[in-house]
Structure formats: C-alpha cells, structure tokens
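One structure is given below, encoded as structure tokens.
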Amino acid sequence: GIITTARFVLYHPFAHCKTICLEFFGNNLINASKAIVDIMNTFEKDAVVFLTALEHFDEKYVLAINYRNKSKRTSIPKAVLLVDIESNNEELLLGACERVIDMVGPYNTEGIIASDGKERELFWADRKNLGAIARHTNAFKLNEDVVIPLEKLPLFADFIEKLNLQKELENDIRIIDDVERFLCDAKSAQGADFSAARIDSFIDGLRKVRALYRAYVENFDRPAGPELGGGKGETVFKLIQDGTITIQFEDDVITHFAITFHGYGELLDRFSAVVQNERKRKIIIATHMHAGDGNVHVNIPVHSNDYMMMREADETAGVIMQETVRLGGVISGEHGIGLTKLRFIDNEVLEEYRKYKLENDSDDLFNPGKLSADFPQSSIYTPSFNLLELEAFILEATDLESLSTSIAQCVRCGKCKSVCNTHYPCGTMFYNPRNKILGVGLIMEAVLYDAQTSTSLSFRNFEKLREISDHCTMCHRCQVPCPVNIDFGNITLDVRKLMVQRKKSQFKAATQFTIFFLRRRGYYVNKLLRVLVFRLGYGAQRLGYYLNRPVSKITRELLPRINGYLAGRFPRTGQKSLRERLRLKGGNCFYSFENPDLPVRKSVVYFPGCGSERMFPEISIAVIALLYNAGVRVVIPPEFICCGYPMLANGMTGQADMRSYENRVLFHRIAGTTGYMDIEHIIVSCGTCFEMLEKYEIENIFNGASIMDINEFIAREEVYGKAAAPRHPVLYHEPCHTPLRHLGYEKTFEKLFGISPVNIPNCCGEGGTLALSTPEISNTLRERKKLNLLGVTRRSKLSVLTTCPSCVQGLCKINGELSVIGRSLAVYAAERFLGHDWEKKFIQTVKKKGIERILF
Ligand code: SF4
Ligand code: SF4
C-alpha cells in the first residue's frame, strides 16, 4: 500500500522499567499460555503501571539457542516469557512485578527480576538469538506467522505440542521401518549364520514397538484403553503429556540394538547411520510469539535439498493454518498472506477483497493480480516454498549450496558491525558485514531467478559476489559476537575460491605479479626483484604520488584506477635482506644463530615470511637480534619461503595447498636434523603467517611446539625485563590478523614497556594484496583510519606501532594533511632493548661468530 497521511505520537519514556524472566517447567506448554492470558488481564485496566513487552519462546528455541537458565532450577524450561513492565511510580512498579511472579507461581514457574540495565540486556539477548532455530537444518526454515485469539492460546499450545509429538512418533516409526529393512537384507546377505536368530527376535520386538506407536498416534484424542496404559477416560495425548505413558524409544530400540548386536561392528555402524539419517529429517515445530497480541511465529526448519522433508513441512504448515482458522484466529500476521498462504483463505474472503479492490483500485495498480483465487502462481518468480525443490537443484548445480547454507542463518541483528574492521558507515553498503550477507543472499536470488526464467544456467551474477568479497579482510572477528556463528571471513574465502573455479575472478596484473614474486625463492632472483620492485617500483610510485597531487581531482575523474594507486605514498624500503647482508645462500641448507657468549636459554624456529624478509627486512633482522641477544638459539628455514596465505586469500587454494605441503615437508626435515635442540616455539612476526602455520599442525612436527609472535615471546619470557615507559603516548594499530594471540596487545605492552597503548581501530587499508587488487576500497578504508587517528591526536606527524609488515606499509600510506609512519613493534623493541645502533652492532657481531650452516 501507500501511506498517504501519517501521525507520529511521541511518548515520554517511563522513568522506571523492569524486566522479568519467567521460566516454565513441567510437561506442557499450556502453562505459559495461561500465564500470558493472566498477565494481559492484570494490566489491561491499570492506568499507572504498563505492560510494554511480552515475548514468548518455547522449548525448541530454548534448546536451539543454548538457553542458560536464569533461575536455580537445572531442568530445561518448557517455555520462557520475557516481560517488560514500566511506570513512573517505582513503588507501584515493584509491587506489580512481585504480583506477576506470585500469580504465575502455581504454573510451575520461576520468575526472576533483572537487577540492573546490564542484566536486562542479558535477558533480552536470548530473544535476539532466536534465529539459531534453523541451525540444525543448516539454515533453512519455513517461517509463517498467525494470530490466535488470546483466550485460545492454551488450546493452540496444546495443538502444537501434540503435532510435535506426532511428528516425533512418526519419525520413530520411520526409523523402525528402515532398521527392519536393513536387518532383513543383512540376514539374507549373511546366510543362516549365528546372527539370524538374533535378527529375527529383534525384528519381532521392533514390530511390537511400531504397533504401539501407531496406536498412540491413531488414538491421540481418544480415551486410552488398558492396552495403551490408560483406563480412566483420559486421552492418549493427555496421558503422554502428564507422564503416565512414556515413550522410551532410546531404551526400546537404540539401547536394545546396541546390546543385542554387541560385537557386530558393521551392523552397529549401519544402524547409527540409519538413525542419524532419519533424525535429521524429523519435523520440529517451534513457536515464539509477541504474546501481547497473540501473534505467533511458527518455524519449521527444513533441509532445502530434502524433498520429502520439505513436502512434509509444507503439509504440516497447512495443518497449522487450518487449526488457526478453526480456533477463530487469522493466518495473516506480520508476514501477510503472500502466495504461500493463499490456499488457506476462504473464497468468500477473496471475493470480498476482489470487490473492495475493484472499487478502490479499478485499474489493478497495486499488487496486480495478487490475492485472486485464479492467480497463476507458476507464472511468477518468488522464493516460495513450492519452488524450493527446483531451487535446491539450481544451488547444487551452481556450487552455491554451501554458500547459501552458510549465510541463511543470519538473523540480521547487526552485532557484527561493531567489531568489523572494514565497517565504515560512510562507505557503500558493502562496508557493513550484515549488508554483505544480505548482498550475497540477493545475488543468490538473482542467480535463482535467472535460472528459473531462462533456459540455461547463467553465471553472470557471480561477478557481483566478487565485489562483496573484496570488502572483507577475512579477519574472522565478526564470528565472535554473532549469535549464529557466522564468519564472513570464511564466506569470503569460499567466494574467492568459487570465483577462481568458475573463472570469474578478474585478472589483476598487480596481484598476479605479487603472487609470481612470492613464489620465487632463489637468492639472486630475489636480489633482482628487490631492486626492481622496492627500489625502483616504490620510488616510481612516490614520484607519481608527488606529480599527481596537484592534479588528483582531474585524474580521479579521468583515470580513477591510476589515481587510486597514487593516492598514498609508498614507504621507503628495499634495503638488503638478512640473507644478502650475511650471504646466507642455498636452498639445500638452513641456518642457526646462537650467541656463544650466553648459555642457550631456549631453541626456536623463526619463520620470517615474505613481509618481514623481503618487504621490510629490518623486521626479520630485529627478531633474530632480539632472540640472539637474549641467548635464544634461532633456526631459520631455507631461502625466502612463503606461508601460502596470499594464494589462499586470492582463492588459489590449489597453490596454497601446494605451498603448505612443501613447507611442511621442509619443516619435517628441519625437525629431523635439529632433534637435539628441542625446539619449543615457532616464532613469527606476521599474523597471516601465524594463521597459515596453524594449519600445518606444527605441534606434531616439532613435538609439542607452539606458534608465537616475537613480541609476545620476549614479553612472556621476560628476557629483557621492562623498558622505561616512553614519554609520549604510544599509538598502536591492531592488524586484522593479529599475531598477538596469547597475551594480546595490552598485556604485551604492559610487560615490555609498562604502558597501555592507544589502540586506533579499523583496517589500515593494506590487507595483504587488497591495496593492489582494489585500490579504491583500500583508500576508503585508509580514509576511515585517518579519521580515527585525527580523533585521538592533533599532531600532523605520527608514528604508529603495529605487529604486521603489511600494516607497516598501509600506515605509511596515510599521508597528506596527516603524515603517518608505520613502525614494526619488533623493530621498536630492538631499539628500546638493544640501543639505537642495534642493527649495525648485531650484523657485525653475528658475522664474526654465532651462525651455523646446517645441511639437510
Ligand atoms: S571477516 Fe572481518 S572484515 Fe570480513 S566481515 Fe568479518 S569482521 Fe568484517
Ligand atoms: S552475521 Fe551479523 S547480522 Fe547476521 S546474525 Fe551474525 S552478527 Fe547478526
């Protein structure tokens, strides 16, 4: 519809608000429904204390969200009610809260009043996590809502409970059918050996259980006879509900099977496969409601690739709609009618609507053709239930199935925004992790639409996925606050892999050249590339930066990509690597550094990685100097090895796997040769190296060794004690992939320098190869970083410490009105602990003594 006039009514907030959490225990859902009616009635006429929120969720949700009891009881609540009561009169408000708790006490209920704002938030946090209901079906659910008259809520609760019980028993019967079938097959396959008699006797037992369960389902609403455990006129359902009849599938079938076929490994394996397979297809009906107005949301999680399950869920939804109508409720709640509920609307209602439409919209402009009994549903596209079967095929054929699974659980709460390194409200919609997920969903819908409306599968929409994934640095931080555990970093990795597989990744010369460079391991080729790339290339870029500055407004319009590369000034680098300075050549050997003037405190392997060895060699020199001067024996692997992360991050998983495989072989050989050293740690000076090395299972190669950043290592070992605190506040940039995984940056700074640095949030814009692949995104992120820096200091020249070589470069590119020098924390620590001439002294000393060349 169209809103033609609107009136906003603004209320003063109440001075006091209390949240009560009511937990309902026992065997039935009715109690919570009765309590809802009682609470509503209590506040209906109250003119001082007001009921402002009344939200309900049932046992299925309690289990899905891993609900933690607020009361002291240990059993799982059957339902939970969250109640907000507000008033300007605190005393009356408190009295009303107590009254509510007393009133619902007889319903086997515990009531807890939140003590403060923080606890209130905690209570309500559960409500926000309800999206997790679809977790067990990998995200897909049928989600309909209905409105039930309040006084009929208890009946509806009973109905849902009965339906769930029926679905459970039917699922049990299906398991029994399957088990009987495979046992019969097993018997004929094995011939008449000693298991045959067991199988026959077990099948007999199964048949009895099945007959009983069938009798339960068929007699739910009939008085149970003595053969079913009744006799006093109660229905089977009531007897199950009050616990007189107990369904003991676990004992009757599962445990019985395990005991009967003890020792028959193959039969046991097949049995558990059958049970698991059927269990995951069980239909579960979960409800939560905005209880105050009887608006009930009915969710049925389904596996989108299981047609039988989808059909059953569809039929179940139909049964629920019919019951809603029978109870005098309506099937149009917040979600409206749409197409899926059309079949449950009476023709008389549709006829009335048709007349109204004719009168008020005679040209049928609004929602043309909709809600008409003869509307040809098959002619339109909607991701409606009827089309799911086809959609499941398409998703599978386009390799989008797992992507769809990984995003579908998103409940759009936006909790990931606050931790996302690339979140920038001033950027486009993709600078927001929630929107990235929505974007992926929309693209998938576009792929489905394309496939359903044309004769062949088209992959043209895939390219948009690339744009979304370009806005993520794969820091994995969004997973921490996410109620349904979504990690967009992993989704980005999957998207990039898919792009490469489908040959949809754009050719980017700079990225390809970087990967080419990183794969070169030879001493002389690296010497040449160092001069070409870091000396000449970076020098040319700096020249371009200065030339472009006065005309950047014009180049931004005419040559946006070139302008993007010239927006920030590359740092000065390209000095000789450690290997060149010490002439450590040879791919068939590795080197060990050991200070002969100190006893060996520990032995470690240092993995320098490309950033610390090739881009900013002073970092790798500082790391070895810090360890050497502390009496730590350091082993470095052969020339210029890359951990493989840059390939992985660009979707080239095959290449990344190969790199990882080769490196692991190399590490095994080093471990074999250095067994006498008792290597305790693998030291790194880069977060992505840390992340990649974690996949190598280092602890198995070096006998329990752990990966650790150099700064954390010297802080933890307290090898240098604590340096004097610097006079100025220290600014710190936490990389997207931080290597400080054990102590964290605050403790590390505290232990090394006795200070707490000022952390400047968000990404520096470098992001490994991000700055080369997408300079426009990189520059936008750098803009944000600049704003964050300006927010904490007025100085125009700054030095910011960091623990990632790539971020050193990213920070250095922030220049213009604010000029930043990015500095490695390891280099800073070397200066503080070893003196300003640490590098010269170290190279001179170590050249004379302390390097051992070890041949494989
Ligand atoms: S992985 Fe990091 S950058 Fe990507 S969406 Fe999550 S928080 Fe943001
Ligand atoms: S991905 Fe973000 S918006 Fe979606 S559920 Fe997780 S935290 Fe909420």
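A few remarks follow.
- The residue that is nearest to Val440 (Cα to Cα), among those in the stretch 478-496 that are within 14 Å of ligand 2 (Cβ to nearest atom) and open to solvent by 60 Å² or more (accessible area, probe 1.4 Å), is Asn490.
One line per residue, one yes/no per condition, for (1) outside any helix (DSSP H, G or I); (2) within 24 Å of Lys813 (Cβ to Cβ); (3) aliphatic (A, V, I, L, M); (4) open to solvent by 80 Å² or more (accessible area, probe 1.4 Å):
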{"site": "Ile515", "(1), (2), (3), (4)": "no, yes, yes, no"}
{"site": "Lys527", "(1), (2), (3), (4)": "no, no, no, no"}
{"site": "Asn548", "(1), (2), (3), (4)": "no, yes, no, no"}
{"site": "Ser552", "(1), (2), (3), (4)": "no, yes, no, no"}
{"site": "Gly564", "(1), (2), (3), (4)": "no, yes, no, no"}
{"site": "Thr573", "(1), (2), (3), (4)": "yes, yes, no, no"}
{"site": "Lys576", "(1), (2), (3), (4)": "yes, yes, no, yes"}
{"site": "Asp597", "(1), (2), (3), (4)": "yes, no, no, yes"}
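- Taking residues in the stretch 399-412 that are within 16 Å of ligand 1 (Cβ to nearest atom), and partners anywhere that are in a loop (DSSP other than H, G, I, E, B) and not β-branched (Val, Ile, Thr), the pairs with Cβ atoms closer than 6 Å and at least 6 places apart or on different chains are Gln409/Ala139.
- Pair list, Cβ < 9 Å and 6+ apart or interchain, from the stretch 500-520 residues that are under 19 Å from Arg466 (Cβ atoms) to residues that are part of a helix (DSSP H, G or I) and open to solvent by 70 Å² or more (accessible area, probe 1.4 Å): Lys504/Glu463; Gln506/Glu463
- Highlighted here are the helices (runs of 4 or more DSSP H) found entirely within the stretch 239-356 that include at least 2 residues which are among the acidic types (Asp, Glu): 265-279, 307-326.
- Qualifying residue in the stretch 783-801 (condition: crowded, with 16+ Cβ neighbours inside 10 Å, within 36 Å of the chain's Cα centre (by Cα), of a type in the set (S, T, N, Q) and closer than 24 Å to Tyr545 by Cα): no
- Residue under evaluation Lys504, criteria (1) under 27 Å from Tyr661 (Cα atoms); (2) touching a Gly at 6+ places or on another chain (Cβ under 6 Å); (3) surrounded by fewer than 20 Cβ atoms within 10 Å (Cβ to Cβ), criterion not met: (2)
- The set of residues from the stretch 1-31 being out of contact with any helix residue (DSSP H, G or I) (no Cβ under 7 Å at 6 or more places or on another chain) and under 14 Å from Val83 (Cβ atoms) comprises Cys17, Glu23.
- Checked against the criterion of being of a type outside the set (A, V, I, L, M, F, W, C) and either over 28 Å from Asp399 (Cα atoms) or in the same structural domain as Gly816 (by TED's automatic domain parsing) (or both), the candidates Arg477, Arg496, Arg572 yield just one match: Arg572.
- Single residue of Lys585, Lys527 found to be more than 40 Å from the chain's Cα centre (by Cα), under 22 Å from Ile670 (Cα atoms) and at pLDDT below 95: Lys585
- Elements of type strands (runs of 3 or more DSSP E) in the stretch 768-856, at least 1 residues being farther than 30 Å from Thr673 by Cα: 797-802, 819-824
- Top-ranked residue in the stretch 413-439 [being away from ligand 1 (no atom under 11 Å from the Cβ) and not in a loop (DSSP other than H, G, I, E, B); ranked as least open to solvent (accessible area, probe 1.4 Å)]: Gly439
- Residue within the stretch 313-334 that is in contact with a strand residue (DSSP E or B) (Cβ under 8 Å, 6 or more places away or on another chain), closer than 23 Å to Glu278 by Cβ, of a type in the set (D, E, K, R) and not assigned by TED's automatic domain parsing to the domain that holds Gln166 present: yes
- Test for Arg466: is it more than 9 Å from ligand 1 (Cβ to nearest atom), touching a residue at least 40 places away in the same chain (Cβ under 8 Å) and surrounded by 22 or more Cβ atoms within 10 Å (Cβ to Cβ): no
- Flag for Asn305 being modelled with pLDDT of 90 or more, out of contact with any Cys (no Cβ under 7 Å at 6 or more places or on another chain) and open to solvent by 40 Å² or more (accessible area, probe 1.4 Å): no
- Qualifying helices (runs of 4 or more DSSP H) (wholly inside the stretch 644-751; at least 2 residues being more than 30 Å from Cys812 (Cα to Cα), assigned by TED's automatic domain parsing to the domain that holds Gln479 and open to solvent by 30 Å² or more (accessible area, probe 1.4 Å)): none
- Restricting Tyr61, Tyr11 to those that are free of Cβ contacts under 8 Å to residues at least 24 places away in the same chain, farther than 21 Å from Gly105 by Cα and of a type in the set (Ser, Thr, Tyr) reduces the list to Tyr11.
- Residue match in the stretch 696-704 (condition: among the polar types (S, T, N, Q) and more than 20 Å from Gly631 (Cβ to Cβ)): yes
- Where a residue in the stretch 254-272 is open to solvent by 60 Å² or more (accessible area, probe 1.4 Å) and its partner, wherever it lies, is part of a helix (DSSP H, G or I), with Cβ under 6 Å and at least six apart: Arg270/Phe182
Conditions (1) aliphatic (A, V, I, L, M); (2) within 16 Å of ligand 1 (Cβ to nearest atom); (3) under 27 Å from Glu691 (Cβ atoms), marked per residue:
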| residue | (1), (2), (3) |
| --- | --- |
| Gln479 | no, yes, yes |
| Asp487 | no, yes, yes |
| Val495 | yes, yes, yes |
| Gln501 | no, no, yes |
| Lys504 | no, no, yes |
| Phe507 | no, no, yes |
| Phe513 | no, no, yes |
| Arg561 | no, no, no |
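- For the stretch 44-56, the criterion of being buried (at least 21 other Cβ atoms within 10 Å of the Cβ) and of a type in the set (Asp, Glu) is satisfied by no residue at all.
- A count restricted to the stretch 560-582 and to residues that are hydrophobic (A, V, I, L, M, F, W, C) and more than 41 Å from the chain's Cα centre (by Cα) stands at 1.
- Close contacts from the stretch 472-497, counting a first residue that is over 30 Å from Leu63 (Cβ atoms) and a second that is among the aliphatic types (A, V, I, L, M) and near ligand 1 (Cβ under 9 Å from one of its atoms), with Cβ to Cβ under 7 Å and a gap of 6+ residues or different chains, come to Thr492/Met474; Leu493/Met474.
- Where a residue in the stretch 117-134 is within 14 Å of ligand 2 (Cβ to nearest atom) and its partner, wherever it lies, is modelled with pLDDT of 70 or more and of a type in the set (Gly, Ala, Ser), with Cβ under 6 Å and at least six apart: Ala132/Ala64; Ile133/Ala64; Ile133/Ala286
The values are calculated or read from the model by the stated rules, or taken from the named source; none is laboratory data. None of the values given here were measured: they were computed from a predicted structure. Using ideal geometry, Cβ is built from the backbone for each residue, glycine included, and neighbour counts are taken over all protein chains shown. Ligands, DNA and RNA are stripped out before the accessible areas are found, and what is left, the full protein with its side chains, is counted by its heavy atoms. Shrake-Rupley method; radii C 1.70, N 1.55, O 1.52, S 1.80 Å.
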